[in-house]
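A short worksheet on the structure shown next.
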Amino acid sequence: MNKSSSASALRRLMTEYKQLTEGGSPDDMFTAGPISESDFFTWEALISGPKDTPFEGGIFVAKLTFPSDYPLSPFKMKFEPPILHPNVYADGNVCISILHTPGDDPTHYEAASERWSPVQSVEKVILSVISMLAEPNLESGANIDCCKLYRDNKPEYERRVRAMVREQLGL
Amino acid sequence: MESNTQRSGEPAEQSQDTGLSGAKDPELAKLSRAQLLELNQKFLEETGLETRERALISQRLPMTVLRGEYDGAPTFVRRIDWLESKGYKTVRRSRGDGDCFYRCTSIAFAYVEKVLNAPDVALAVASALSTLEATLPLLKAAGFEPMVYEDFYEVFRSVIEQIVTPDAATGERLTPDILLEAFQEPQASNSIVVYLRLLTSAQIRAAEDDYSAFLFHPDTGEPMGVREFCESFVEAIGREADHVQITALARALKVNVRIAYLDGRGSGDAVEFVEFQNRIDGLESDSSGSNAVVLLYRPGHYDILET
């Protein structure tokens, strides 16, 4: 049955990829697709830093890793290189409620926050991550130092994020 | 878990999801709601329901197994005996993972089994398939993309179809053993659970007026909007079903559901049943004269009762 499970995951991933390449993302905020045609279970996403945030001007690279039972289980998302953000672990892994099932609750998300279900998709998750870049969720922080900095000294947080953006762009 | 300082007789804050507030039985009334939940929790832990090791759906087990789990709780034992005296001789346990309602009820397991055992199998299968096919437009109308539900639908449809049409790969028709095997296999089982969750959600969204007055947050008791409720408590995997979801799914699948509430409500040795009645064709009646799918509810968990 594992074989059929990855077959159905593959079918779903190909459909999502097709829709993304045909429709594009709203306002060209991101692109996403398999890194190699030979492996549909590992994708790369390029995300533009949202306007009017310290991330503006940056392009952030994230790796998406899909399980063989996708979309029953969610995928994982990791910024490579890692970015400075309250909801991103130091190793780059993204911590957001939409990538967790209700039973799997590492950071005690609010009960009402959006969870993973097969109704979600790569596009919906990345759009959530983009809005998370603009508005961090301090209730379920992943990078505690960064949460603290954001809360206590927001100008310094913004300065460091801008410095990171410049550094990643090689300026 | 609630604090155990709550005394019996106090109105339980969330009576709709446990039904414990109305306990009139003297023996049960001595227990607080928290103690009852604790008793159930202890049982679930002891029997390994809380672990991932339990089969998603078990073989038929005699009622004595259930009885043995309530050693020291004579009211529960008497009620289990009462169920047995009414012809319910066996129980199939499902894993306590929040998906148990969808897994065992309606069509998922008990329903497919009903179809499999129907006096006129061909009619029952045709009827089940036509009902199932009619659910597709409902999902579309609710705004789900075909990509989201088509594969899950296909898993479910092919299980029912296999009752009369041999599987292309194995050449076998569905037998009770193959059915059990299919439902113990996480991929197939979970695909069907997802389809039923989406269907339940679509049914609630389509008949918003029928349901909107009954949508409350299960933890806070606050009223909720249809979309928010469906996304958080219907579509999301692992979220238990309550009355609203059961009503909606029973309607969408045109299936009758009877639920025996072994949760401390009511008085005496009789177990209270709640009926979710809909029209259904071609299925056999059990000894109680009903063609319903019968479930056993204990706080936080559903199993299947069989005659």
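Computed from the coordinates by the stated procedures, all read-outs in this text should not be read as laboratory data. Here the structure is a predicted model, which is why all the values come from computation and not from measurement. Please note: Cβ atoms are built from the backbone with ideal geometry, for glycine as well, and neighbour counts cover all protein chains shown.
Details
- For A:SER38, A:SER131, A:SER68, A:SER48, order by how many other beta-carbon atoms lie within 10 Å, fewest first: A:SER38, A:SER131, A:SER68, A:SER48
- Segment A:2-168, relative contact order in percent, only Cα pairs under 8 angstrom and at least six apart counted: 20 percent
- Each of the peptides B:184-195, B:266-277 was scored by the mean count of other Cβ atoms within 10 Å over its residues; in descending order, highest first, they stand as B:184-195, B:266-277.
- Two-site label geometry, B:LEU123 and B:GLN277: point separation in nm, points 7 Å out along Cα→Cβ: 2.1 nm
- Note on B:ARG173 and A:ASP28: with the Förster distance fixed at 56 Å, the Cβ-Cβ geometry gives a FRET efficiency of about 0.60.
- Amide H contacts of B:LYS89 (H built 1.01 Å from N, in plane; Pro and chain starts excluded): B:GLU306, B:THR307 sit under 5 Å, all sequence-distant by 5 or more or on other chains.
- Sorted peptide list for B:295-302, B:198-205, criterion being average Cβ within 10 angstrom, highest first: B:198-205, B:295-302
- Per-residue average of Cβ from other chains inside 10 Å of A:10-18: 2
- Close amide H contacts of A:GLU44 (hydrogens built in the peptide plane, cut-off under 5 Å, sequence separation of 5 or more or a different chain): A:GLY33, A:ILE35, A:LEU64.
- Sorted by Cβ neighbour density within 10 Å, fewest at the top, the residues B:HIS243, A:HIS100, A:HIS85: B:HIS243, A:HIS100, A:HIS85
- Applying 1/(1 + (r/R0)^6) with r as the Cβ-Cβ distance of B:ASP210 and A:LEU169 and R0 = 56 angstrom yields a FRET efficiency of 0.50.
- Using the Cβ-Cβ distance between A:ILE144 and B:ALA55 with R0 set to 41 Å, the FRET efficiency from 1/(1 + (r/R0)^6) comes to roughly 0.55.
- Intensity falloff of segment A:2-168 expressed as log10 I(q)/I(0), Debye formula with alpha-carbon point scatterers, at q = 0.12 Å⁻¹: -0.54
- Extension reserve of the B:VAL65-B:SER130 stretch, reckoned as 0.36 nm per residue once the Cα distance is removed: 19.6 nm
- Peptide B:186-196 has a mean of 3 when you count, residue by residue, the C-beta atoms of other protein chains within 10 Å of its C-beta.
- For B:GLU272, distant residues with modelled amide H under 5 Å away: B:TYR261
- In sequence order, segment B:255-263 has phi-based couplings of 10, 8, 10, 10, 10, 8, 8, 9, 9 Hz under the Karplus curve 6.51 cos²θ - 1.76 cosθ + 1.60, θ = phi - 60°, and Gly or Pro positions carry x.
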